[in-house]
Amino acid sequence: MNDRSERAHWTGRLGFVLAAAGSAIGLGNIWKFPYITGKNGGGAFVLVYLACITLVGLPIMMAEFLIGRQGQRDAVGSFEALEGKGSLWLLVGWGGVAASFVLLSFYAVVAGWSFDYILKSATGGLSGKTAEEINALFGELVAAPGRIVFWQFLFLAATAGIVIGGIRGGIERWSKILMPALFLLLILLFVGGMLSPGARAGLEFMFRPDFSRLTPPALLDALGHAFFTLSLGAGTMITYGSYLEPDSDLLALSVRITLLDTLVALLAGLAIFPVVFAAGLEPGSGPGLVFQTIPIVFAGLPFGSFLALIVFILLAFAALSSSISMLEVSVAYLIDEKGWRRSRATVLIGSLAFALGIPSALSFNRWSELKPLFGRTFFDLFDLLVSSYMLPLGGMFVAIYAGWFWKGGEAKNEAAALSPRPWIFPVWRFLLRFIAPAAVLFILLNQAGVWR
Ligand code: TRP
């Protein structure tokens, strides 16, 4: 077990903010946020989403950083350092390790598709094709198990290749390359979107407040997504927080990370929708939006293949900076609790995640009719289990722990542990004690179908 002096730490604030923002900014920002915003009433929804981020997401993120920074160990070990061996709170750490591991296994499948599309757009495979042909290409890709398993493997190998380099030499170094590149590409696409004839329609789709569409399901979408997009409840932010120095201002750091995540989500929508509307198409969601609508739209534009290439590189970078944070949770556990070498831990967890991801990859082809539970394929089951249950539950227990049970010493030091601004502490604690658990409970009850 490492003591504080020999434990790796981030080189500074910038490295940490970019790494944690890299975790938060992922597939969710690019293909989910824009769509749910448009669906749920544009500007009105953005306001509700911002409220959810601020009142629920931000306090839980600060709590995760706090647990990690005070514990100075992995997600399980940090709870042990704070509460002692055999404490039931260790289960929250364990839940995080399990959630991020399972998440990594199926996230890698989808992320791998972006590699295939990078290759397609770089070699001209998307140009000069009709909409039907481009739609068919996506079907052909996911119908080919060998091909998607190959890309899934390559994506995991890249993830492991970064994590093996450690906190400074791997995760931080690569975050400092991937994130600025991502911002640059996104701004390029955003300018493209604003210059497109559909700019106005795109802006209206995302921002015109339509309060009549702000229904209870919209509220849940905002809450659930605020939660997912910040990578909460999976032990990730606890693990990243454990590489922080003791004097860090958790509020200031969390605000920066949250702002970057929100900015990227908004820019992604403003880059994508104008071109979609200019082409007279209706925006869909998920894989269809990214792998079908976008290539179709760009096929008809000057420099279309180049723009499509940018989108898929952007997607790959966003996914990679998230997947390294998922892998790091289990790797940190093996290093801190079992004394393993980083290289051995990374290769083992990476291989296990690959194996567990194979049923998810086969869900799109060979096993598409295999529905082991609730009429869902393996991919949908893992997604449901992690995104709808494990992450919200993990986040709720983090909130309850930090709000009600965390014994940070004397009241004065507790407040200082969070931020130099003392008034932050009571506000934070109130949100964690009452607002965050109630909000997550609301999500969970809904997912369990209580009022359907
Ligand atoms: N935030 C990521 C995205 O928007 C997804 C995510 C959810 C995640 N939970 C996580 C990433 C935990 C890393 C760790 O795509």
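Taking the stretch 28-61 only, how many residues are polar (S, T, N, Q) and within 12 Å of the ligand (Cβ to nearest atom)?
Residues meeting the conditions: 1.
Inside the stretch 179-231, can you point out the residues that are within 16 Å of the ligand (Cβ to nearest atom) and under 30 Å from Ala448 (Cβ atoms)?
Asp221, Ala222, Leu223, Gly224, His225, Ala226, Phe227, Phe228, Thr229, Leu230, Ser231
Out of curiosity, is Glu83 surrounded by 24 or more Cβ atoms within 10 Å (Cβ to Cβ) and among the charged types (D, E, K, R)?
No: the conditions fail for Glu83.
Somewhere in the stretch 119-133, is a residue touching a Phe, Trp or Tyr at 6+ places or on another chain (Cβ under 8 Å), under 23 Å from Ser231 (Cα atoms) and of a type in the set (Ser, Thr, Tyr)?
No, that holds for no residue.
Sort through Ile167, Ile171 and tell me the only one that's within 14 Å of the ligand (Cβ to nearest atom), within 24 Å of Phe65 (Cα to Cα) and either among the β-branched types (Val, Ile, Thr) or surrounded by fewer than 19 Cβ atoms within 10 Å (Cβ to Cβ) (or both).
Every option except Ile171 fails the conditions.
One line per residue, one yes/no per condition, for (1) within 28 Å of Asp221 (Cα to Cα); (2) among the polar types (S, T, N, Q):
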position: Ala299; (1), (2): no, no
position: Ser305; (1), (2): no, yes
position: Phe312; (1), (2): yes, no
position: Phe364; (1), (2): yes, no
position: Lys371; (1), (2): yes, no
position: Phe379; (1), (2): yes, no
position: Pro392; (1), (2): yes, no
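For Trp367, all conditions in the list (1) crowded, with 19+ Cβ neighbours inside 10 Å; (2) in a loop (DSSP other than H, G, I, E, B) hold save one; what is the number of the exception?
Only one criterion in (1) crowded, with 19+ Cβ neighbours inside 10 Å; (2) in a loop (DSSP other than H, G, I, E, B) is unmet by Trp367, namely (1).
Considering only residues that are of a type in the set (Ser, Thr, Tyr) and within 14 Å of the ligand (Cβ to nearest atom), look in the stretch 232-275 and name the one that is nearest to Ser196 (Cα to Cα).
By that ranking, first place goes to Thr262.
Of the conditions (1) crowded, with 23+ Cβ neighbours inside 10 Å; (2) farther than 23 Å from Ala345 by Cα; (3) more than 19 Å from the chain's Cα centre (by Cα), Ser78 fails just one. Which one is it?
Tallying (1) crowded, with 23+ Cβ neighbours inside 10 Å; (2) farther than 23 Å from Ala345 by Cα; (3) more than 19 Å from the chain's Cα centre (by Cα), Ser78 fails exactly one: (2).
Tell me the residue from Phe303, Phe227 that is among the hydrophobic types (A, V, I, L, M, F, W, C) and without any contact (Cβ under 8 Å) to a residue 60 or more places away in the chain, please.
When all the criteria are applied, what remains is Phe303.
No value in this document is a laboratory result; all are computed from the given coordinates. A quick note: this is a predicted structure, and the numbers were derived from the prediction, not measured. We place every Cβ from the backbone using ideal geometry, glycine too, and count neighbours over all the protein chains shown.
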